[in-house]
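Report on the following structure.
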Amino acid sequence: MFEWTDIGLMLSRKPYGENFFTAAVFTRSKGRFHGIMRGKKSLTFQPLSLLRVTWKSRLEDQLGTFTAETLSPVSTFFLDDPEKLNAILSATQLLTSLLPEREPFEDFFSKTLEFLDALPSDIWLEEYIRWETDLLSALGFGLDLSACALGGDAEDLGYVSPKTGRAVSFEKAGPWKDKLLPLPAFLYKENQQGKASMQDLKNGLTLTGYFLQNHAMLEKLPLARGRLFSSES
């Protein structure tokens, strides 16, 4: 018998017979894992709810069964806040679509919890965009925003190469700037937190969205992601 207990975030659930569900959970030490949950209680597990889960199976490579308890029903705190709820739904779909099965991402799991902790703050959308850059890094497609790829000023970065993911300064962009992606300052300057304009936030989403689709090979960006500005724009 194989068995382990971990904390995890609910990703999805689907009916499995009359009294069961198959559930996908992003766990701290085991990564994205599937299992069968029994009974109607699993209906109370909402997207990115923080759970304590126990997985059991006779054989390690079988689907196995989950028992779980909710530690924090994260999404239910934001039912009256459509933009933040859309951020939760978008993150859930990205995790479901891009994380490989049964591969641990402990550092990224911690960063996901940090993003969820930031949702009540005024800089939640900045943190969501940073979380997408963390996802890209975890998948091996990290952006290099440490310095200009062409040797320019590291404090005057303004663009990112769509081919390499490396930053380019305003000075060095020159005639190529129309072929580069705008880089908002809040993504590489820690002291820019809370100062991002609406245009900077949209540029940030355009930047990470491009790399999610063209480098991480995401087939389609989440619909909820496109609604993040539904009542702000």
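The values are calculated or read from the model by the stated rules, or taken from the named source; none is laboratory data. Just so it is clear, the model here is predicted, and its values are computed rather than measured. Positions of Cβ are backbone-derived with ideal geometry, glycine not excepted, and every protein chain shown enters the neighbour counts. Remember, those area values only see protein heavy atoms, side chains included, never the ligands or the DNA or RNA. Shrake-Rupley method; radii C 1.70, N 1.55, O 1.52, S 1.80 Å.
Tabulated data for the structure shown
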| item | result |
| --- | --- |
| TYR159 accessible area, 1.4 Å probe, all protein chains in place, Å² to nearest 10 | 40 Å² |
| Kirkwood Rh (inverse of mean 1/r, distinct Cα pairs), segment 113-186, angstrom | 13.2 Å |
| Solvent-accessible surface ranking, highest first, for GLU114, GLU101 at 1.4 angstrom | GLU114, GLU101 |
| Accessible surface ranking that places the most exposed of LYS177, LYS30, LYS189 first, with a 1.4 angstrom probe | LYS177, LYS30, LYS189 |
| Sequence of TYR188, TYR210, TYR128 when ordered by accessible area, the most exposed leading, probe 1.4 angstrom | TYR210, TYR188, TYR128 |
| On Cα atoms only, tilt of 124-138 relative to the major axis of the chain in degrees | 80 degrees |
| Straight-distance crosslink candidates among lysines, where the alpha carbon sits under 24 Å from LYS56 and sequence neighbours closer than 8 are dropped | LYS14, LYS30, LYS40, LYS41 |
| Folded to 0 to 90 degrees: helix 82-98 orientation relative to the chain principal axis, Cα | 80 degrees |
| Length-normalised contact order for segment 115-170 - Cα pairs under 8 Å, 6+ apart - percent | 24 percent |
| Percent RCO, i.e. relative contact order, over the chain, from Cα pairs under 8 Å lying at least 6 residues apart | 16 percent |
| Per residue, the convex hull volume that the Cα atoms of segment 58-185 enclose (Å³) | 147 Å³ |
| Computed helical MRE - 222 nm, the chain, DSSP H runs ≥ 4 contributing -39500 (n - 2.57), nearest 500 | -9000 deg cm²/dmol |
| Binned Cα-Cα distance frequencies in the chain - 5 Å width, integer % | 1, 6, 13, 17, 17, 15, 11, 8, 5, 4, 2, 1, 0 |
| Calculated FRET efficiency for the pair ILE123/TYR210, C-beta based, R₀ 25 Å, to 0.05 | 0.65 |
| The chain - charge dipole about Cα centre, Lys and Arg +1 at Cβ, Asp and Glu -1, debye rounded to 20 | 820 debye |
| Segment 1-151: antiparallel DSSP beta bridges as a percent of all, rounded to 5 | 95 percent |
